[in-house]
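These notes concern the structure reproduced below.
The values are calculated or read from the model by the stated rules, or taken from the named source; none is laboratory data. Computed from a predicted model, the values in this text were never measured in an experiment. FYI the Cβ positions are ideal-geometry reconstructions off the backbone, even for glycines, and counts take in every protein chain you see.
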Amino acid sequence: MLTRLLRYGWAAPTTLLGLIVASLLLTTGARVQRVQGVIEVYGGWLANKLALSSGFAALTLGHVVLGYSVDCLQQLRTHEHVHVRQAEHWGILFVPAYLLAGLWQLLRGRHVYYDNPFEQQAFAVEALSCQPHARRPE
């Protein structure tokens, strides 16, 4: 219990940023749900506009995941929850560390998103969760 409170507290500044953005989405018709201790906000006019103009699918800020749709969040939940764990680990430094990691990749001539170590970790966990489970020998 104490460990969980510490994780939530350490990620709180990033979560607060997520709640601010979520409030904006909610004023444009978004919906909200709580899944595994994470607030998920999806849909609404603004999310649709962002999806059409930028390819936005989902974004994690602390314990808040913002998504294009409920179906999108369901598909990306494993990936986005890795970012929740990263925010718990990095705390207030998560957003700057994520952005700097992307900038570093860009400066090296690599892809700002796909080569970002935070994304690579999330993609790796996502890929593992999609693997069929090995059967135990009988």
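Against the numbered list (1) touching a residue at least 24 places away in the same chain (Cβ under 8 Å); (2) buried (at least 21 other Cβ atoms within 10 Å of the Cβ), Val35 comes up short only at (2).
Residues in the stretch 12-63 that are among the aliphatic types (A, V, I, L, M) and farther than 19 Å from Leu76 by Cβ: Ala12, Leu16, Leu17, Leu19, Ile20, Leu24, Leu26. Among the criteria (1) of a type in the set (A, V, I, L, M); (2) touching an Asp or Glu at 6+ places or on another chain (Cβ under 8 Å); (3) part of a strand (DSSP E or B); (4) buried (at least 16 other Cβ atoms within 10 Å of the Cβ), the one Ala11 does not fulfil is (3). In the stretch 92-117, the residue that is farthest from Leu6 (Cα to Cα) out of those that are of a type in the set (Val, Ile, Thr) and part of a helix (DSSP H, G or I) is Val95. Evaluation of Val82 against the conditions (1) without any contact (Cβ under 8 Å) to a residue 40 or more places away in the chain; (2) closer than 21 Å to Ala124 by Cβ; (3) among the aliphatic types (A, V, I, L, M) shows that the sole unmet condition is (1). Pairing residues of the stretch 62-79 that are assigned to a helix (DSSP H, G or I) with residues that are of a type in the set (Asp, Glu), at Cβ distances under 6 Å and at least 6 apart in sequence or on separate chains, gives Leu73/Glu40; Thr78/Glu126; His79/Glu126. Within the stretch 43-60, restricting attention to residues that are among the aliphatic types (A, V, I, L, M) and modelled with pLDDT of 90 or more, the residue that is surrounded by the most Cβ atoms within 10 Å (Cβ to Cβ) is Ala47.
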